[in-house]
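For reference, the structure is listed below as C-alpha cells.
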Amino acid sequence: MEAPILEYRLRKGNDTFEAIYHYQDIELEQILARRECEFFVKEGVTYRQLSSAIEGNLFIIYVETYEEEPLKDPLFPPERLVLEIRELNQRKNNPILKIEHHDYHLDILSVIGSVYYYIDGVEWERDSAEIDEDRYVYILYVKTTGYKLEEERK
C-alpha cells in the first residue's frame, strides 16, 4: 500500500468542498487520531468535522468553519505529544484537569477514543476532542458523571 495522505476539505456551498490542507508525510496513526477529533484548529481558525472518507491511500476529513480568532504568536513544537484533558465548562474557560505527554499518536487515540476517563478515581465522560496545530496539542473535553470509583485500580 502506498504511503497514506491526509487532506482537509472545507465546505464552500451546499455540496461543494475545497481542499485546504494536505499532509503527505504523515503516519496512519496520526490520521486516525485526527479523525477522532471533532474539531481542528489551524492558523487561528477552528473547524468542525462534518465527516470523513477514504479513497485508496487518501484520507479525507470534511470540515466547516466553526469560529475564527486572531492568530497568536507561533509556538515551538514540544518534544513529545501533549494531551490536555479539560472540563467542558465555557463559564470557567474549560479548565485543565490534567496534562499528559505521550510518544505515539496511537496512545493519544486510545484516550480520546474512549467514552469514559478517570482522574483520581472520578469518572469523566467524553464530549469531544480537538487537535490544535497552532498550540501543538490534542485536547479532550470531558464532563463529570458524578461517579467515583470505590477503590482505584492499580
>> Order 133-140, 86-93 from most to least packed using the mean count of other Cβ atoms within 10 Å.
In response: 133-140, 86-93
> When you count, for each residue, the other Cβ atoms within 10 Å and take the mean per peptide, how do 50-58, 20-28 rank with the highest first?
Replying inline: 20-28, 50-58
>> Placing unit charges on C-beta atoms (Lys and Arg positive, Asp and Glu negative, everything else neutral), compute the dipole magnitude of the chain about its Cα centre in debye, rounded to 20.
In response: 420
> Which lysines, on any chain, are close to Lys143 with Cα under 17 Å apart, when same-chain ones fewer than 8 places away are left out?
Replying inline: Lys92, Lys98
>> Only four residue types carry charge here, +1 at the Cβ of Lys and Arg and -1 at the Cβ of Asp and Glu. Report the dipole size of segment 5-68 about the Cα centre in Debye, rounded to the nearest 20.
In response: 140
> Of all DSSP beta bridges located in the chain, what percent are antiparallel, nearest 5?
Replying inline: 75
> Under the Kirkwood approximation applied to all pairs of distinct alpha-carbon atoms, what is the hydrodynamic radius of segment 84-154 in Å?
Replying inline: 12.8
> If the chain between Asn14 and Leu75 were fully stretched, how many nm would it gain, using 0.36 nm times the residue separation less the Cα-Cα distance?
Replying inline: 18.4 nm
> Which one of Leu81, Tyr104, Asn93 has its Cα pushed farthest toward the positive end of the charge dipole of segment 81-148, where Lys and Arg give +1 and Asp and Glu give -1 at the Cβ?
Replying inline: Asn93
> Looking at segment 1-54, which trypsin sites (Lys or Arg not before Pro) are DSSP coil and have at most 13 other C-beta atoms within 10 Å of their C-beta?
Replying inline: Lys12
> Which residue, chosen from Tyr66, Phe17, Tyr136, occupies the Cα position most advanced towards the positive end of the dipole of the chain, where the dipole is computed from +1 (Lys, Arg) and -1 (Asp, Glu) charges on Cβ about the Cα centre?
Replying inline: Tyr66
>> Could you check the spin-label model distance between Gln90 and Glu29? Points 7 Å from the Cα along Cα→Cβ, value in nm.
In response: 3.6
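Bear in mind that the values in this text are calculations on the coordinates, not laboratory data. Everything quoted here is computed from the prediction, not taken from an experiment. Note: ideal-geometry Cβ built from the backbone for every residue, glycine included; neighbour counts use all protein chains shown.
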